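The structure under discussion appears below in the form of structure tokens.
Values in this text are rule-based calculations from the coordinates and carry no lab data. Every value quoted in this text rests on a predicted model; they were computed, and no experiment measured them. Cβ: placed from backbone, ideal geometry, glycine included. Neighbour counts: every protein chain shown.
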Amino acid sequence: MLDGKVALVTGGTRGIGLATARALAGAGATVVLTGRDEAKAKEAAAAAGAASGLALDVTDAKAVSTLVRGVAKEHGKLDIVVANAGIMEDALLGMIREELVDTTLSTNVAGTLHTVQAAARAMMRKKASPAGDRGTSAGAIVVLASIVGEHGSAGQTVYAASKAAVANIARSAAKELGRSGIRVNAVAPGVIDTDLTSGLTEEAKAENIGKTPLGRLGTPEDVANAIRFLVSDDASFITGQVLGIDGGLVL
Ligand code: NAD
């Protein structure tokens, strides 16, 4: 399905990012995953069947740009980018500290934006090459939004705002990049069983499951499989979409 494609996944050391790296590699792509810690990134790359694991903090625009350019140079091109790195910290309105706003927005919003910008530059360079691939997809980008970015969530105002922004990065970038043959979509997971949601009490998990028609929490693989579809040529006429992967959860 993804034979011959070169893919980059940010925040790929665990959870949805790791499952996505594994799914893309399993479908035949050459995958580079990144993590904030180099040793963890290398370990995760080996576990996922990825080609390499590199250190990257997505809040650092220059580092993102340098890394993405380096990956495209090393592998001759860049076809797929999954901007997955993200953080979530809950706080009721009255408890929101400025530091929480800064870290959440710089990681989720600016980090995603840096990644999409760098991906677009690398993919457009490939499109402009005289290789004759005009008309075929020059690249596919997926960003990680969230169900709470679409509907809001008590105690998650900052995170929900950041994920609404992420969804609109996808919608806007899709409009800008479509004529260059680059597709940009977002996935909006519901409650997925990862380290990010490990702080949920059993009561809160049960409550979410109760509101989910499919009657369970999501797995990282549920999200990874949808991302694998969105970056594949099977999704060649899909762009600017925010795909819910939530078992039908109604918040
Ligand atoms: P996770 O905490 O298990 O993994 C997040 C990854 O992002 C980690 O590898 C972490 O090191 C990395 N990361 C965080 N900040 C970074 C930074 N500044 N630079 C580089 N990497 C950084 O979380 P997850 O559940 O796998 O979530 C992955 C994405 O999916 C996130 O964007 C999250 O907001 C989103 N999401 C998750 C859920 C869920 O229920 N788990 C729901 C909706 C959306």
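Quick one: Debye curve from the alpha-carbon atoms of the chain only, equal weights, vacuum; give me log10 I(q)/I(0) at q = 0.09, 0.17 Å⁻¹ to two decimals. Computed log10 I(q)/I(0) values: -0.36, -1.29.
Seen from Asn208, the other residues with C-beta closer than 13 Å to its C-beta sum to a net charge of -2, counting Lys and Arg as +1 and Asp and Glu as -1.
Nearest 500 deg cm²/dmol is fine: what mean residue ellipticity at 222 nm does the chain get from its DSSP H runs of n ≥ 4 alone, each adding -39,500 (n - 2.57), divided by its residue count? Write down the numbers at each step before the final one.
Numbers: 9 runs with 110 residues, N = 251.
The helix contribution divided over the chain gives -13500 deg cm²/dmol.
Using the structure shown, select from Lys175/Lys211; Lys5/Lys205; Lys163/Lys211 the pairs with a Cα to Cα distance greater than 29 angstrom. The answer is Lys175/Lys211; Lys5/Lys205. A P(r) calculated from all alpha carbon pairs of the range 135-201, with 5 Å bins opening at zero, reads 4, 17, 21, 20, 14, 10, 7, 4, 1, 0 percent.
If you take the charge dipole of the chain about its Cα centre, with +1 on Lys and Arg Cβ and -1 on Asp and Glu Cβ, which of Met1, Ala138, Thr20 is farthest toward its positive end? Among Met1, Ala138, Thr20, the one farthest towards the positive end of the dipole of the chain is Ala138. Treating each Cα of the range 132-251 as an identical point scatterer and summing with the Debye formula, the log10 of I(q)/I(0) at q = 0.15, 0.21 Å⁻¹ comes to -0.69, -1.14. Convex hull volume per residue, computed on the Cα atoms of the range 1-148, equals 115 Å³. Can you give the net charge of the other residues whose Cβ lies under 15 Å from the Cβ of Leu100, counting K and R as +1 and D and E as -1? Here the charged neighbours net out to -3.
Please compute, over every Cα-Cα pair in the range 16-77, the percentage with a separation greater than 14 angstrom. Please list the in-between numbers first.
On the way: 1043 of 1891 pairs.
So the pairs more than 14 Å apart make up 55 percent of the total in the range 16-77.
Gaussian network model of the chain, Cα springs within a sub-10 Å range: biggest mean-square fluctuation belongs to which of Ile141, Ile80, Ile192? Most flexible of the set in this elastic network: Ile192. Close Lys pairs in the range 15-139, defined as Cα atoms under 26 Å apart and 8 or more places apart or on different chains, number 14. List the residue ranges in the chain for DSSP H helices whose C-alpha atoms run 18 angstrom or more along the long axis and whose Kyte-Doolittle average is -1.0 or above. Once both thresholds are applied, what remains is 61-75, 111-128, 157-177.
Charge tally around Val68: other residues with Cβ under 14 Å, Lys/Arg +1 each, Asp/Glu -1 each, net +3.
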